[in-house]
Amino acid sequence: MLAAAEYNPVAREPRSASQDVATDSSIDVIVKLRAGSASAAFGKLATGDQRVALLARRTGLALDLKRDISGSMIASRVSLGTDSPATALERLSADPAVEFAVPDRRRYAHAVPNDPLFNGQWYLQNAQVSAVNATAAWDRESGVAGVVVAVLDTGVLYDHPDLGRGDHGGKLLPGYDFVTGTLQANDGNGRDNDPSDPGDFINDADKTANPAFVNCDVTGSSWHGTRVAGMVRAVTNNSTGVS
């Protein structure tokens, strides 16, 4: 039976049998020898071929050297015969000179962004609970055209150069304004089918016209909905519906 491929959710991970770590008749392993008296006999041997030959005699397994990693670590191919891969690993691990024996599996590069500002974008990483762990998502899928993602946030700027209206070659589909209170909406009305973001800024005129803002600081807009829509656009590479 062909061994299962290592779990590594990279979208372009090789999947063919020829690239796997084992066949019906063999398995590739990495063996780490212990330091000290338990492996003293191995320490006297000059080459990986000699260490593999000694290990084969001690375990009764048919071993061939793949590469000599270091003086205490070797990569080998084990001819299974009637043994299963698990049994072969158990026999290797049972030798008192062996610190560990593990399958020699392929490793694949994970998706890494090339944005020089990525280290400052905590929300795309996984160090905080509220972050989205985008790197793990990119390992699975970098986006499929035609998938619509709805963003529930403040409004969006349709003339943003990274977004734009879908009917004008952009990525944003029609959305909806669900904010009922005109004071909070900051666009002069309540719910409607225009999700354009007027901004959540407060200026001196707002403080004079609206008693609710008297004790608020004068501040610019966060443009939060536009920022999140742009982030979703970059992370998913998809069309984005915004509410």
Exercise. Pull up the stretch 93-115, narrow it to residues that are assigned to a loop (DSSP other than H, G, I, E, B) and over 22 Å from E141 (Cβ atoms), then point me to the one that is modelled with the lowest pLDDT.
Key: R105
Quiz prompt | Selection count, the stretch 79-92, where residues are outside any helix (DSSP H, G or I), surrounded by fewer than 16 Cβ atoms within 10 Å (Cβ to Cβ) and of a type in the set (D, E, K, R) | solution = 0
Quiz item: Any chance the stretch 44-54 includes a residue that's at negative phi and touching a residue at least 40 places away in the same chain (Cβ under 8 Å)?
Solution: no
Practice problem: Among the residues of the stretch 59-78, write down those that are among the hydroxyl-bearing types (S, T, Y) and not in a loop (DSSP other than H, G, I, E, B). | Solution: T59, S76
Quiz item: Residues N189, N193: which one is open to solvent by 70 Å² or more (accessible area, probe 1.4 Å) and modelled with pLDDT of 80 or more?
Solution: N193
Quiz prompt | Filter result for the condition that a residue is at pLDDT 85 or above, open to solvent by 70 Å² or more (accessible area, probe 1.4 Å) and in contact with a helix residue (DSSP H, G or I) (Cβ under 8 Å, 6 or more places away or on another chain), over V151, V218, V156 | solution = V218
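The values are calculated or read from the model by the stated rules, or taken from the named source; none is laboratory data. Computed from a predicted structure; not experimentally measured. Virtual Cβ from ideal backbone geometry, glycine too; neighbours counted across all protein chains shown. Accessible surface areas use protein heavy atoms only, side chains included; no ligands, DNA or RNA. Shrake-Rupley method; radii C 1.70, N 1.55, O 1.52, S 1.80 Å.
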